[in-house]
């Protein structure tokens, strides 16, 4: 592990906080945009996933949304209570659950996707197509590298764990 100076740590921490604030801004944006619909940021993400996948297993949903499975259970409970989704038997494996959108869930998911798309279009209009293409390319590459480095860390831990056994 590299040893950092306090100054380096502060600079790196500030960069991480900047990145994290982008995530928080997205959550705040959704809270404002979706407040009239009584739908949380995580519920919106689950609705969108279900809308485009035509149903999904809860564990797969949790993995795709990068949330804990316990949290996913609570989100599904909430979507069911609102009449947006239902748990059914998996179409290919009766031992598993499958989450489907109900007609009202499809309607609200489509409406929320339109609200979000209108917002994004208004933001994107402030930039050239080249600027947006550059941003999306860099954001995608950053995410890819983060995933690769995280996998390296997991592999390193597994190798060390295997040596300790």
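The values are calculated or read from the model by the stated rules, or taken from the named source; none is laboratory data. Just so you know, these numbers come straight off a predicted model, no measurement behind them. Here the Cβ positions follow ideal geometry from the backbone for every residue, glycine too, while neighbour counts run over all protein chains shown.
Some observations on this one:
- Pick from the range 33-49, criterion over 13 Å from the mean Cα position of the chain (by Cα) and in a helix (DSSP H, G or I), ranking: surrounded by the fewest Cβ atoms within 10 Å (Cβ to Cβ): 36
- Residue count for the range 120-143 under the criterion of being within 18 Å of the chain's Cα centre (by Cα) and at pLDDT below 90: the result is 6.
- Any chance residue 37 is within 23 Å of residue 101 (Cβ to Cβ), in contact (Cβ under 8 Å) with a residue 60 or more places away in the chain and in contact with a helix residue (DSSP H, G or I) (Cβ under 7 Å, 6 or more places away or on another chain): yes
- Residue check for residue 65: without any contact (Cβ under 8 Å) to a residue 24 or more places away in the chain, surrounded by 15 or more Cβ atoms within 10 Å (Cβ to Cβ) and over 24 Å from residue 29 (Cα atoms): no
- So residue 60, is it more than 27 Å from residue 118 (Cα to Cα), at pLDDT 90 or above, under 14 Å from the mean Cα position of the chain (by Cα) and surrounded by 15 or more Cβ atoms within 10 Å (Cβ to Cβ): yes
- Of all residues making up the range 60-84, the number that are touching a helix residue (DSSP H, G or I) at 6+ places or on another chain (Cβ under 8 Å) and part of a helix (DSSP H, G or I): 12
- So residue 142, is it in a helix (DSSP H, G or I), farther than 27 Å from residue 32 by Cβ and free of Cβ contacts under 8 Å to residues at least 60 places away in the same chain: no
- Residue satisfying all of: in the range 88-105; at pLDDT 95 or above and over 19 Å from the mean Cα position of the chain (by Cα); surrounded by the most Cβ atoms within 10 Å (Cβ to Cβ) among these: 102
- As a summary of the residue check, residue 93 satisfies the conditions (1) in contact with a strand residue (DSSP E or B) (Cβ under 7 Å, 6 or more places away or on another chain); (2) not in a helix (DSSP H, G or I) except for the one numbered (1).
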